[in-house]
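Trainee: Structure provided below as structure tokens; questions to follow.
What follows draws every value from the coordinates through simple rules; no lab data is involved. Predicted, not measured: the structure shown is a model, and the values here were computed from it. Cβ: placed from backbone, ideal geometry, glycine included. Neighbour counts: every protein chain shown.
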Amino acid sequence: MQQVASPNKLTRSQQERRRRVIDAALALGREGGYEAVQMRDVAAGANVAMGTVYRYFSSKDHLLSAGLLQWVEMLDERLSEEPAVGSTPAQRVVEVLNRSMRVMERQPKLAAALLTALTSSDPAAVECQHEVAELMESIITRAVGDPHPDEMPARARVLGHVWHSCLIGWVNGWPVERVDSELAVAAGLLLALGEHVPARQALC
């Protein structure tokens, strides 16, 4: 099996090709979901050879997991520029998680494809899964602000798990109102010690 190149060891031109491959996969997923993302079509969309796709990604699940990681990185950048608002840590975290949900709502087929890839046992995809989880923990922790409550890393990790679970529930048919409610309840229990946190506070 061909050795997959580490993103951290790529030249600038190689990083650009890798990004084009991810963008092509996301475009296919946006239009047709998980089944529409075929490596041959990805190569054609990115204008690269099939061997180039497999130089960067071991499988379709690895590719889509990397796409989700890229999406969360972009979310992180936007939140750095436009921080969460709210008078309490729980309200700010709910706003952040609702922002992420709004993006998913606008492209449900792609969201389903990305979440399907997150269940993969491909070691390279699993590594992306860990990176997504760590970045979401960082995003949540930053939204909480200072001073942090005790055991903040554990609280952020659990909230990340709830976010992931809610996304899966939404893909499987949960109404968005239920997702909002679950996220608000989790944030209230873990960060506000019972404080009532409105679900989706006039964010749209």
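Trainee: How many residues does the range 108-148 contain that are closer than 20 Å to VAL162 by Cβ and charged (D, E, K, R)?
Mentor: 4
Trainee: Another question, if that's okay. Can you report the number of residues in the range 27-67 which are in contact with an Asp or Glu (Cβ under 9 Å, 6 or more places away or on another chain), within 30 Å of ILE140 (Cβ to Cβ) and surrounded by fewer than 21 Cβ atoms within 10 Å (Cβ to Cβ)?
Mentor: 2
Trainee: Within the range 106-133, how many residues turn out to be surrounded by 14 or more Cβ atoms within 10 Å (Cβ to Cβ) and under 18 Å from LEU79 (Cβ atoms)?
Mentor: The number of residues fulfilling the criteria is 3.
Trainee: Which ones in the range 68-91 are surrounded by fewer than 17 Cβ atoms within 10 Å (Cβ to Cβ), under 14 Å from the mean Cα position of the chain (by Cα) and more than 20 Å from ALA27 (Cβ to Cβ)?
Mentor: ASP76, GLU77, ARG78 - these are the residues of the range 68-91 that are surrounded by fewer than 17 Cβ atoms within 10 Å (Cβ to Cβ), under 14 Å from the mean Cα position of the chain (by Cα) and more than 20 Å from ALA27 (Cβ to Cβ).
Trainee: Which pairs do you get when a residue that is more than 22 Å from LEU69 (Cβ to Cβ), found in the range 157-183, comes within reach of a residue that is of a type outside the set (Gly, Ala, Ser) and not in a helix (DSSP H, G or I), reach meaning Cβ atoms under 6 angstrom, with the pair 6+ apart or on two chains?
Mentor: ASP180/ARG200
Trainee: Same structure again: Within the range 25-81, can you find the residues that are in contact (Cβ under 8 Å) with a residue 60 or more places away in the chain and of a type in the set (Asp, Glu)?
Mentor: Residues satisfying the conditions are GLU31, ASP61, GLU73, ASP76.
Trainee: Of all residues being among the charged types (D, E, K, R) and surrounded by fewer than 23 Cβ atoms within 10 Å (Cβ to Cβ) in the range 135-163, which is nearest to LEU79 (Cα to Cα)? Just the residue, please.
Mentor: Filtering the range 135-163 for residues that are among the charged types (D, E, K, R) and surrounded by fewer than 23 Cβ atoms within 10 Å (Cβ to Cβ), the one nearest to LEU79 (Cα to Cα) comes out as ARG142.
Trainee: Can you confirm whether ARG102 is surrounded by fewer than 14 Cβ atoms within 10 Å (Cβ to Cβ), of a type in the set (Lys, Arg), under 19 Å from ASP76 (Cβ atoms) and without any contact (Cβ under 8 Å) to a residue 12 or more places away in the chain?
Mentor: So ARG102 fails the test.
Trainee: Going by the conditions given, is VAL94 farther than 16 Å from ALA25 by Cβ, more than 13 Å from the chain's Cα centre (by Cα), of a type in the set (Val, Ile, Thr) and not in a helix (DSSP H, G or I)?
Mentor: no
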